[in-house]
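Presented below is the structure to which this report refers.
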Amino acid sequence: MGKSFCLRASLLLFVLILTADCLKVEAQTCRPSGSIRGRKPPPGQCNTENDSDCCVAGKLYTTYKCSPTVSQSTKAVLTINSFQKGGDGGGPSECDNQYHSDDTPVVALSTGWFNNESRCLKNIKISANGRSVVAKVVDECDSTMGCDSDHDYQPPCPNNIVDASKAVWEALGVPRNDWGELDIVWSDA
């Protein structure tokens, strides 16, 4: 009876540890929070500078309220955005209600990483292509909304985006014909 009890207790302990480990992994997972049905932009209302996408009528776009966990080397996808007035970024930046020159290293982060403006006007370090650059967070790349005038009729951002000015791409030494999407790592600076 002693061996049987120890075996059951050991098995129970193993199941509890496995369950706790699975819950920890589950807590680190960022799952979609919903979707938005695309609407066709009014004529001339979606700025396609930097090959930006415009919403497609009827298409479902996934939304996120979260982003992957931030670490010392958070994996992300670098995209390109113009934060200048009239650029594909739309209105002024959320953090300071200002426009920013394409020559200034600034970024917008996906909603989860933007974290209710907690990273506003703080620097992050972006590394790729054997180089690094420090850029200031000035805006949110909205992962929860899109396909409307507030978002320049562009789809919601994926949850792993660092949307960067041309200055960031140049500092990373990426040839212009390769600008668009690039796998990077970033961290708080």
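Observations on the structure shown:
- Subset of segment 128-177 [in contact with a Gly (Cβ under 8 Å, 6 or more places away or on another chain) and hydrophobic (A, V, I, L, M, F, W, C)]: 147, 157
- Condition met for residue 79 (closer than 22 Å to residue 31 by Cα and either at pLDDT below 95 or among the β-branched types (Val, Ile, Thr) (or both)): yes
- Residue in segment 88-108 that is open to solvent by 20 Å² or more (accessible area, probe 1.4 Å), hydrophobic (A, V, I, L, M, F, W, C), within 22 Å of residue 62 (Cα to Cα) and part of a loop (DSSP other than H, G, I, E, B) present: no
- The lone exception for residue 179 - which of (1) crowded, with 20+ Cβ neighbours inside 10 Å; (2) of a type in the set (Phe, Trp, Tyr); (3) in contact with a helix residue (DSSP H, G or I) (Cβ under 9 Å, 6 or more places away or on another chain) it fails: (1)
- Tabulated pairs, segment 124-146, first farther than 21 Å from residue 94 by Cβ and among the hydroxyl-bearing types (Ser, Thr, Tyr), second open to solvent by 30 Å² or more (accessible area, probe 1.4 Å) and in a strand (DSSP E or B), C-beta under 8 angstrom, 6+ apart or interchain: 127/185; 132/125
- Hits in segment 126-172 - residues which are aliphatic (A, V, I, L, M), assigned to a helix (DSSP H, G or I) and either surrounded by 22 or more Cβ atoms within 10 Å (Cβ to Cβ) or under 14 Å from the mean Cα position of the chain (by Cα) (or both): 168
- Scanning segment 109-120 for residues being more than 19 Å from residue 133 (Cα to Cα) and open to solvent by 30 Å² or more (accessible area, probe 1.4 Å) gives a total of 4.
- Search result, residues across segment 58-77 that are of a type in the set (A, V, I, L, M) and over 14 Å from the mean Cα position of the chain (by Cα): 60
- Within segment 156-172, residues that are under 22 Å from residue 29 (Cα atoms) have Cβ atoms under 6 Å from residues that are in a helix (DSSP H, G or I) in these pairs: 159/112, counting only partners at least 6 apart in sequence or on another chain.
The values are calculated or read from the model by the stated rules, or taken from the named source; none is laboratory data. Note that the structure is a prediction, hence the values are computed from the model and not measured. Every residue, glycine among them, receives a Cβ derived from its backbone with ideal geometry; neighbour counts consider all protein chains shown. Keep in mind that these areas ignore ligands, DNA and RNA; they rest on the heavy atoms of the full protein, side chains included. Shrake-Rupley method; radii C 1.70, N 1.55, O 1.52, S 1.80 Å.
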